[in-house]
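Following: one structure in structure tokens, then a few remarks.
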Amino acid sequence: MQNADEYITLGLYLGFLIVIGYVFSRLNRNLSDFVRGGGQGLWWMVGTSSVMAAISAFTFTGNASAAYDAGPTLLVVYAANCVGFLVGYFFLAAWFRQTRAYTLADIIRDRFGVGAEQFNVWSFAFLAPVGAAIQLWALSVFASAVFGFPLLPTIVVIGFVVTFYSTSGGRWGVMATDFLQSLILVPITLVLAVYSFYHVGGFSGIAAMFSDPVVGHDFRFVKDPGEFTGDRFTWKWMIAIFLIQLSGFLSISGAPRYLSVKDGKEGRKSALLAFILMTVGALVWILPPMVARVTLSGEVAGVALDNPSEASYAIAAMHYLPAGLLGIMVVAMFAATMSSMDTGLNMVTGTLARNFWPWLRGLFNLGEPSADLELRVCRWITLFLGMAIIAMALMLAMQRQFQLFDAYFVIATLIGLPVTIPLVAGLFIRRLPFVSYFVIAGLSVLPAAYSLWDGAVNGNQWTVQDRGLWVIAFGLAGVVISLGLKRWEHSRSRERIEDLFQRMRTPVEAEEHGGDGNDLPQLRIMGKMSVAAGLFLLTLVLFPEDFTGRVAALFVAAFVIGIGVLLLRGARRAQARAGSGSGEE
């Protein structure tokens, strides 16, 4: 992609994100504002941010590759996400917000003690930036191979933009940019799905895909063992992947999705919105790569990537979308990575500023810091982490050996799922004592570690599903053992656990989150920004040469403008309520 219009579109969009971060910086007055939006976020902003944080460029590369190769089996991953958000709607979103926590580590400390809290702080502070660097690097490699973007400048520019608006706007900036990114992602992916549907021949064409002797066999929902490497897409794989994916939603580690909302009611609404968006997205995102398998297999095979099918979604966009809209699709793919990167960046900052820095100050008896100092520390930490992520991504891009890439996934396998299991059990089994965190995690890590040893020494390569199911089995054994340790638990530890569960079930009152103090700025600023973005997108109507292309461009622009108008109407109503309230006084 060498069209200057696409570069202009991406450049203006990135500049827009910087402006949003700067505008929302005025809402940051203390650490709570910076790391969780002061617990005053409205449902529509938090819900869209949750969805955007749950996806990344992998949605349009790795997941698209799976859809291209194996068809609808990938839906099991999205099904787990949808079930997770639905459970959040019924009760978990309210529970998590009602902990009154600032960070995930706050909840872990109250549930499992300071040792578990600090373990989480350090493991998360190491893994999250490495993961963000890998995402940034992978996105840049993909953009370079498929769209012709220069590799190293892409890493620097995207990393700088995310770091800037995360540093200036904090959690407010992250939620606001995620919201705007979702406004662009939703309509453009819908448009591509419709064009893909048209190019394959509608419902009859889709039916023909599944009856094709070659493609139809690969597109069966459940595959036979040995059909794909690692026995992927079998029943066993589907069960393991579903449980692994769902565990992240049903554990304490899912709490950060809802810590920014005003109260439990807003949290439930945000989870419902996320459920709807994820359900629609699952169907929309898998269609283009599946259609590309039938209509564009030669073009996909010609892409200069180690796994060309990872480009199937982008190739579909390049061939199906009308002139002028490809730049918006590129923006959407960049937004997917940026939205998960900025959320992780803000979460690490919050953990270090809230759960490590006070502990360090306590060691030196430095006393309580001022709100201004806390805010400056948050910004310095975010800036440092952002620069570290850019540096790591550049190192990945400039070397040919991928030890860091491999090391990350080894550590994630050893720590990720084993640490998640006690966070699931600790949320639903109240009787588990403080010590259960390390008992369950310690047992869970045994099969993961053994699988690595078995592979290195005996050459036995464990599949993802085998490793995952054994980790879960050992984790359940750890739960049973931990229940027997309750009799030795200290009374103060039990009191702290009971206090946490009591808070989780106690609704947040208006005076705790400041009432409607930040409702009007959220509605007004995002309304204006959405309308401005939509008006810019309206200029894309001039580029397509055919009528249907102009209609598609008009739909994208109208969608963004329409949401902006609804937000501005909500701002006027909020202002009227505030005026009538002050008049009554």
Find the centroid of the Cα atoms in the stretch 1-57 and in the stretch 199-270, then give the distance between the two in whole Å. 27 Å
Report, to one decimal in Å, the Kirkwood hydrodynamic radius for the stretch 251-295 based on all distinct Cα pairs. 12.7 Å
Taking only C-alpha pairs under 8 Å that are 6+ residues apart, what is the relative contact order of the chain in percent? 27 percent
Can you tell me the FRET efficiency between residue 203 and residue 464 if r is taken as the Cβ-Cβ distance and R0 is 30 Å, rounded to the nearest 0.05? 0.30
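Quick check: from the Cα gyration tensor, does the stretch 177-293 come out rounded (a/c under 1.5), prolate or oblate? Don't jump to the answer; show the numbers that get you there.
Working: a/c = 3.29, a/b = 1.42, b/c = 2.32.
Oblate, because a/c is 1.5 or more while a/b does not exceed b/c.
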Using a 7 Å offset from the Cα along the Cα-to-Cβ direction at both residue 395 and residue 118, what is the distance between the two label points in nm, to one decimal? 2.6 nm
For residue 502 and residue 554, extending 7 Å from Cα along the Cα-Cβ vector and measuring point to point gives, in nm, a value of 6.2 nm
Residue-wise HN-Hα coupling along the stretch 156-168, computed from phi with Karplus coefficients 6.51, -1.76, 1.60 (Hz; x: Gly, Pro): 5, 5, 5, x, 5, 4, 4, 5, 5, 6, 6, 6, 7
Can you compute the FRET efficiency between residue 388 and residue 8 using 1/(1 + (r/R0)^6), with r the Cβ-Cβ distance and R0 = 45 Å? Round to the nearest 0.05. 0.90
Along each of its three principal axes, how wide is the spread of alpha-carbon positions in the stretch 284-378, in whole angstrom units, largest first? 67, 29, 23
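Translational D (Stokes-Einstein, µm²/s) of the stretch 517-585 at 20 °C and 1.002 mPa s when Rh comes from the Kirkwood sum over C-alpha pairs? Before the final figure, lay out each step's value.
Details: Rh = 13.3 Å.
The estimated diffusion coefficient comes to 161 µm²/s.
When the helix-only estimate is applied to the chain (DSSP H runs of n ≥ 4, each -39,500 (n - 2.57), divided by the residue count), what is the mean residue ellipticity at 222 nm, nearest 500 deg cm²/dmol?
-25000 deg cm²/dmol
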Can you list which of the trypsin sites (Lys or Arg not before Pro) found in the stretch 1-108 are DSSP loop residues with at most 13 other C-beta atoms within 10 Å? 29
Whole angstrom only: what separates the Cα centroid of the stretch 489-537 from the Cα centroid of the stretch 346-401? 23 Å
To make sure I understand the rule: partners must be lysines, Cα under 23 Å from the Cα of residue 223, and not fewer than 8 residues away in the same chain. Which ones qualify? 236
So, for the Cα atoms of the chain, Rg and Dmax in Å stand at 23.9, 78
Using each residue's phi in the stretch 337-344, evaluate 6.51 cos²θ - 1.76 cosθ + 1.60 at θ = phi - 60° and report the 3J(HN,Hα) Karplus result to the nearest Hz, with x for Gly and Pro. 6, 4, 5, 6, 5, 5, 5, x
Indicate the gyration tensor shape class of the stretch 414-525 (rounded, prolate or oblate), computed on the Cα atoms with a ≥ b ≥ c the square roots of the eigenvalues: a/c under 1.5 is rounded; otherwise a/b larger than b/c is prolate and the rest oblate. oblate
Determine the gain in length on full extension of the stretch residue 489-residue 215; use 0.36 nm per residue of separation and subtract their C-alpha separation, reporting nm with one decimal. 92.8 nm
How far is it, in nm, from the label point at residue 242 to the one at residue 299 when both lie 7 Å from their Cα along the line to the Cβ? 3.5 nm
What are the lysines whose alpha-carbon lies under 24 Å from the alpha-carbon of residue 269, with same-chain residues fewer than 8 places away excluded? 528
Longest exposed-loop-site-free stretch of the chain, with chymotrypsin sites (Phe, Trp or Tyr not before Pro), DSSP loop and at most 15 other Cβ within 10 Å? 1-220
Given Cα pairs under 8 Å that are at least 6 residues apart, what percent is the relative contact order of the stretch 517-585? 43 percent
So which aspartates and glutamates pass the test for residue 265, namely a Cα distance under 18 Å, with those fewer than 8 places away in the same chain ruled out? 509, 511, 512, 516, 519
With a cut-off of 8 Å between alpha carbons and a minimum separation of six or more residues, what is the relative contact order of the stretch 186-341 in percent? 32 percent
Give me, ordered by chain and number, the residues 5 or more places off residue 41 or on other chains with an amide H under 5 Å from its own placed amide H. 261, 262
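Taken together, the values in this text are just the output of simple stated rules run on the coordinates, not laboratory data. Here the structure is a predicted model, which is why all the values come from computation and not from measurement. Quick reminder, even Gly has a Cβ in these numbers, built from the backbone with ideal geometry, and neighbours come from all protein chains shown.
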